[in-house]
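What follows is a short report on a single structure.
The values are calculated or read from the model by the stated rules, or taken from the named source; none is laboratory data. Since the structure is predicted, the reported quantities are computational estimates derived from the model, not experimental observations. For the accessible areas, the whole protein counts, side chains as well, though only heavy atoms, and no ligand, DNA or RNA atoms are used. Shrake-Rupley method; radii C 1.70, N 1.55, O 1.52, S 1.80 Å.
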Amino acid sequence: MLEDRPARPLDPCEMRVLAEISAATLRDDPGLVHRLDGVEGRLHPPVAQTGTPLAWPLVLGVMTVAVLYALVIVMLPPVLALSVVLGVQLVLVPAGCLIWARRRGEL
C-alpha cells in the first residue's frame with residue numbers, strides 16, 4: 001500500500017540501473033524522444049492538453065448538431081432511421097474524428 005511520505009533517494013546501484021535502461025532505450029530506438037516530443041520534466045503533448053477547456057462556440061455547435069440529428073432520426077420511418085444511425089455512427093463519426101485529429105496535428 002502506498003503511503004503519504006516522501007520517496008527515498010535512489011542509491012548508486014539503482015541510479016546505475018536506470019542509466020543503463022535509458023542508454024539501452026536510446027540505443028535501440030533513437031527516434032523515441034523525438035516521436036514523444038519529450039524531454040525530462042516535459043509532458044507528452046496530448047497529456048499536457050488533458051483538461052484543456054473547450055471553447056463555448058465549439059460546445060454549442062456540437063450540441064446543436066446533436067439535437068438536429070436526434071430530430072431527423074425521430075422524424076424518419078424506423079427502417080430508414082436504423083440505416084441512417086448505422087451510417088452516421090459507423091462511417092461519418094469515425095471519419096470526422098480522423099479528419100479533426102489530422103487537422104489539429106494529433107494524427
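Rounded if a/c is under 1.5, else prolate if a/b beats b/c, else oblate: with a ≥ b ≥ c from the C-alpha gyration tensor eigenvalues square-rooted, which is region 46-107? Cα axes put region 46-107 in the oblate bin.
Give me the percent of accessible area attributable to carbon and sulfur for region 56-104, probe 1.4 angstrom. With neighbouring chains kept in place, the figure for region 56-104 is 82 percent.
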